[in-house]
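To start, the structure itself, in structure tokens.
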Amino acid sequence: MTAKKQNVFETLSAINVNDHTNEKGGLIKDADITSCRFGMLLVDSRNYVFKDVRWNCLCDCGNSSIISIYRLVSGTFTQSCGCLKAIVTSAKNKKHGMFGTKEYSSYHRMKDRCFDKKNKDYKNYGARGITICDRWLNSFENFYADMGNKPTPKHSIDRIDNDGNYEPSNCRWASNIQQARNKRNNRKITINGVTKIISEWADVYGINGSTIRQRINLGWSEVDAVTKPVIFAGVSR
Ligand SMILES: [Zn+2]
């Protein structure tokens with residue numbers, strides 16, 4: 001590297017990325033960056049085909065790439081021909097080999113529901129205090145070891161107790177139909193300060209759980225639905 005180019009490189013590192021000038025007020029587009037290195041990219045020569053200033057770069061992986069000087073020195077720095085991102089992705093993938101699978105996407109959607117305030121479902125999860133156990137939080141491998149394969153694409157993570165967290169003892173794969181049934185059956189009703197799910201109240205009052213649910217669907221209050229005796233053909237029991 002010549003002294004002049006070394007100097008250019010030092011000057012480039014002090015570039016003001018907003019006005020595209022270097023510290024001496026020179027324009028980036030006038031800089032000669034031949035032989036400069038940016039991450040895996042070695043600048044080979046200027047490319048005159050494009051109107052803006054682009055440079056022919058050689059990537060350490062063997063590919064060549066034409067990259068604008070602005071991409072090289074400002075904003076989101078370009079560090080490779082694109083292979084670097086692929087390497088990072090494949091390293092992630094190699095770890096568990098599940099990148100992009102339905103289990104992997106379920107895992108990440110679960111995290112988004114609990115922690116991403118911009119997620120449309122956050123209000124029903126993270127905002128309600130639903131969280132993810134430590135064992136699963138930072139390990140897809142642990143999650144997958146506990147949950148196993150998703151039986152079909154229509155299955156999703158079901159929390160057995162709707163107010164409970166994402167953790168091995170409270171989770172299973174369930175179809176949408178199973179989940180809807182589970183939510184109905186798990187509806188909690190409080191009577192005189194005691195809270196039980198419908199099937200438990202059904203046992204206490206000797207009434208069918210389905211009767212309680214039907215009554216609620218008909219608009220009865222929860223307490224009436226549980227406590228009012230069932231009347232058969234006008235005969236009260
Ligand atoms: Zn490359």
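The values are calculated or read from the model by the stated rules, or taken from the named source; none is laboratory data. All of these numbers come straight from a predicted model, not from anything done at the bench. So basically every Cβ, Gly included, is an ideal-geometry build from the backbone, and we count neighbours across all protein chains shown.
List every residue pair whose Cβ atoms lie under 7 Å apart, where the two residues are 6 or more positions apart in sequence or sit on different chains, the first residue falls within the range 152-168 and is over 17 Å from residue 111 (Cβ atoms), and the second residue, located anywhere, is buried (at least 16 other Cβ atoms within 10 Å of the Cβ) and among the hydrophobic types (A, V, I, L, M, F, W, C).
Matching pairs, first to second residue: 155/173; 155/174.
Given the residues 56, 149, 63, which is the only one that is within 14 Å of the ligand (Cβ to nearest atom), surrounded by fewer than 15 Cβ atoms within 10 Å (Cβ to Cβ) and either touching a residue at least 12 places away in the same chain (Cβ under 8 Å) or of a type in the set (D, E, K, R) (or both)?
On the way: 56 fails: surrounded by fewer than 15 Cβ atoms within 10 Å (Cβ to Cβ); 149 fails: within 14 Å of the ligand (Cβ to nearest atom).
Exactly one of 56, 149, 63 is within 14 Å of the ligand (Cβ to nearest atom), surrounded by fewer than 15 Cβ atoms within 10 Å (Cβ to Cβ) and either touching a residue at least 12 places away in the same chain (Cβ under 8 Å) or of a type in the set (D, E, K, R) (or both), namely 63.
Are any residues in the range 214-237 at pLDDT below 85 and among the charged types (D, E, K, R), and if so, which ones?
The one that is at pLDDT below 85 and among the charged types (D, E, K, R): 237.
Where in the range 170-226 are there strands (runs of 3 or more DSSP E), lying wholly inside it, with at least 3 residues that are under 29 Å from the mean Cα position of the chain (by Cα) and in contact (Cβ under 8 Å) with a residue 12 or more places away in the chain? Walk me through how you get there before you give the answer.
Details: elements: 171-175, 188-191, 194-197.
Qualifying strands (runs of 3 or more DSSP E): 171-175.
Yes or no, residue by residue, for (1) surrounded by fewer than 14 Cβ atoms within 10 Å (Cβ to Cβ); (2) assigned by TED's automatic domain parsing to the domain that holds residue 216; (3) of a type outside the set (Val, Ile, Thr):
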site	(1), (2), (3)
130	no, no, no
144	no, no, yes
154	yes, no, yes
162	no, no, yes
168	no, no, yes
173	no, no, yes
176	yes, no, yes
179	no, no, yes
193	yes, yes, yes
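Within the range 1-39, which residues are modelled with pLDDT of 80 or more, outside any loop (DSSP other than H, G, I, E, B) and surrounded by fewer than 16 Cβ atoms within 10 Å (Cβ to Cβ)?
37
Would you confirm, using the coordinates I've provided, whether residue 80 is within 36 Å of the chain's Cα centre (by Cα), more than 16 Å from the ligand (Cβ to nearest atom) and at pLDDT 80 or above?
Numbers: within 36 Å of the chain's Cα centre (by Cα): yes; more than 16 Å from the ligand (Cβ to nearest atom): no; at pLDDT 80 or above: yes.
The answer is no for residue 80.
Give the range 196-213 a look and list any residue that's within 21 Å of residue 158 (Cβ to Cβ) and among the β-branched types (Val, Ile, Thr), or say none.
Correct list: 197, 198.
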